[in-house]
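The next block holds one structure in the form of structure tokens; read it before the comments.
The values are calculated or read from the model by the stated rules, or taken from the named source; none is laboratory data. As the structure is a prediction and not an experimental result, all values here were calculated from the model. Note that each Cβ is placed from the backbone with ideal geometry, even for glycine, and that neighbours are counted across all protein chains shown.
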């Protein structure tokens, strides 16, 4: 049985995130990750046999705290619009802490979409629970009739695109001004929440 040191494991995962962001999943090499972590390649392989294992560990780690928070928020007694705000805020915070996630998602959507589904399912993601909450709010008259699937996909898309499309958005819209781009990302919490709420609020 392997005896793993948590500090070394964290150092490896942090190094992998850095290399993946710079090179992309396919462009990254295990040797580069070992160099970034300042360890030898043999030790890296002792902890993670290949890039796929690193992918699973990083992706799962990012969602292990995020997914339960979604369930807790959606099942709370808060007003539905407050739930939307918290959901958007939590999602954007998670992406800000883990800017590599969109890269991984896009990579796996093209290569092995079932893998993303399995990781999310293992983490406890339950879209049916969210759909039920949304349908309850429709019946209460809080929001207009809307398909829950569309609402959830709209929220995810509005949150994730500024991260997935960063090279174009930062380069074209913000002329590669990182400070302005980061300010824009912070503003997204309010902008996305308001946009969604105004779109579904019953007049």
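Name the single residue that is surrounded by the most Cβ atoms within 10 Å (Cβ to Cβ) among those in region 51-78 being in contact (Cβ under 8 Å) with a residue 12 or more places away in the chain and farther than 24 Å from residue 12 by Cα.
70
Just give me the residues in region 1-40 being more than 25 Å from the chain's Cα centre (by Cα) and outside any helix (DSSP H, G or I), in sequence order.
Correct list: 1, 2, 3, 4, 5, 38, 39, 40.
Considering only residues that are more than 18 Å from residue 195 (Cβ to Cβ) and free of Cβ contacts under 8 Å to residues at least 60 places away in the same chain, which ones fall in region 127-148? Full working, then the answer.
Residues of region 127-148 more than 18 Å from residue 195 (Cβ to Cβ): 127-133, 135-136, 138-141, 145.
Within region 127-148, 127, 128, 129, 131, 132, 133, 135, 136, 138, 139, 140, 145 qualify.
So is residue 176 surrounded by 13 or more Cβ atoms within 10 Å (Cβ to Cβ), more than 22 Å from residue 105 (Cβ to Cβ) and in the same structural domain as residue 77 (by TED's automatic domain parsing) or not?
So residue 176 does not fit the description; no.
Collect the residues in region 119-134 that are modelled with pLDDT under 80, surrounded by 13 or more Cβ atoms within 10 Å (Cβ to Cβ) and part of a helix (DSSP H, G or I), keeping them in residue-number order.
Matches in region 119-134: 119, 120, 122.
If you check 137, 128, 108, which single one turns out to be more than 11 Å from the chain's Cα centre (by Cα) and within 28 Å of residue 24 (Cα to Cα)?
On the way: 137 fails: within 28 Å of residue 24 (Cα to Cα); 128 fails: within 28 Å of residue 24 (Cα to Cα).
Exactly one residue qualifies, and that residue is 108.
Where in region 54-115 are the helices (runs of 4 or more DSSP H), entirely inside, with at least 2 residues that are at pLDDT below 80 and either in contact with a helix residue (DSSP H, G or I) (Cβ under 6 Å, 6 or more places away or on another chain) or more than 15 Å from residue 188 (Cβ to Cβ) (or both)?
66-74, 101-111
What tally of residues in region 1-32 results from selecting those that are surrounded by 12 or more Cβ atoms within 10 Å (Cβ to Cβ) and within 17 Å of residue 101 (Cβ to Cβ)?
14
Please specify each residue of region 140-171 satisfying the condition of being modelled with pLDDT of 95 or more, assigned to a helix (DSSP H, G or I) and exposed (fewer than 12 other Cβ atoms within 10 Å of the Cβ).
Across region 140-171, the qualifying residues are 140, 150.
Report yes if residue 137 is assigned to a helix (DSSP H, G or I) and in contact with a strand residue (DSSP E or B) (Cβ under 6 Å, 6 or more places away or on another chain), otherwise no.
It is true that residue 137 is assigned to a helix (DSSP H, G or I) and in contact with a strand residue (DSSP E or B) (Cβ under 6 Å, 6 or more places away or on another chain).
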